[in-house]
Amino acid sequence: MITKNFKATIAWILQRKSGTIYGYTPIKTTSGTNKYLASNFIGYPSTTQNTLQINSLANSGIWLGSGNNAASEDDYALQTRITTGLASTTPTQTQGVDLDGNPWTTFLFTLTNTTANPITVSEIGYVQNIYAATTIGGSCSSDLALMDRTVLSNPVTIPANGSAAIEYTLKTIMPSS
């Protein structure tokens, strides 16, 4: 589900300017901290957006989890993040528009379980690098924000020492004209 953080990034487009960047649009970072989004992305968009971030807690990209609470636009982090036991191929990214003109992008990747126990992936998140301030109108620094959290209707269980493919699609529904 697209989060309020994603919607806030659209709102800051009106505030975009060159020079010093200040934060004005409320956002919640992946650490749960309330901040104010600046009118600029780091890497615009993230240069690691198509990278699976299994072993890194500090990078943007695609995050995996085992939580199963329903997704909400108020989500700012995965319910239960998976940070060990999996290796991944680099996601293959394709994009286009559907028959109604709605843009989408799909990431396809293979996960390999490096443990002796099965691992179940039941949630996926899309995390973006942002500039944000701790006070409204304040100077900004780098942080991370969850733009999408999807709870899989069919969780994927990767058997011990086995592999499984996952396809993750992000789609924006455009207003009808």
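A short reminder: the numbers here are calculations on the coordinates, not readings from a lab. The shown structure was predicted, so the numbers you read here are calculated from the model rather than taken from an experiment. Ideal geometry is used to build each Cβ from the backbone, glycine not excepted, and the neighbour counts take in all protein chains shown.
Quick notes on this one:
- Modelled FRET efficiency - R0 25 Å, residue 112 with residue 58, Cβ distances, 0.05 increments: 0.65
- Relative packing of peptides 163-169, 92-98 - highest average C-beta neighbours within 10 Å first: 163-169, 92-98
- Mean sequence separation of contacting Cα pairs (under 8 Å, at least six apart), scaled by the length of the range 63-177, corresponds to a relative contact order of 31 percent.
- Remark on residue 67: its backbone amide H falls under 5 Å from those of 79, 80, 122, 123, a criterion applied only to residues 5 or more positions apart or on other chains, H modelled at 1.01 Å from N.
- Gain on full stretching of the segment that runs from residue 120 to residue 142 - 0.36 nm per residue minus C-alpha separation: 4.8 nm
- Segment residue 83-residue 169, extension gain: residue separation times 0.36 nm, minus the distance between their alpha carbons: 28.8 nm
- Each residue of the range 87-92 is assigned a 3J(HN,Hα), and the resulting list reads 10, 9, 6, 5, x, 8 Hz, derived from the Karplus form 6.51 cos²θ - 1.76 cosθ + 1.60 (θ = phi - 60°), x at Gly and Pro.
- Extension gain from residue 92 to residue 104, taking 0.36 nm per residue of separation minus the Cα-Cα distance: 2.9 nm
- Straight-line cross-link partners of residue 4 among the aspartates and glutamates, defined as a Cα under 15 Å from its Cα and at least 8 positions apart when in the same chain: 73, 74, 75, 148.
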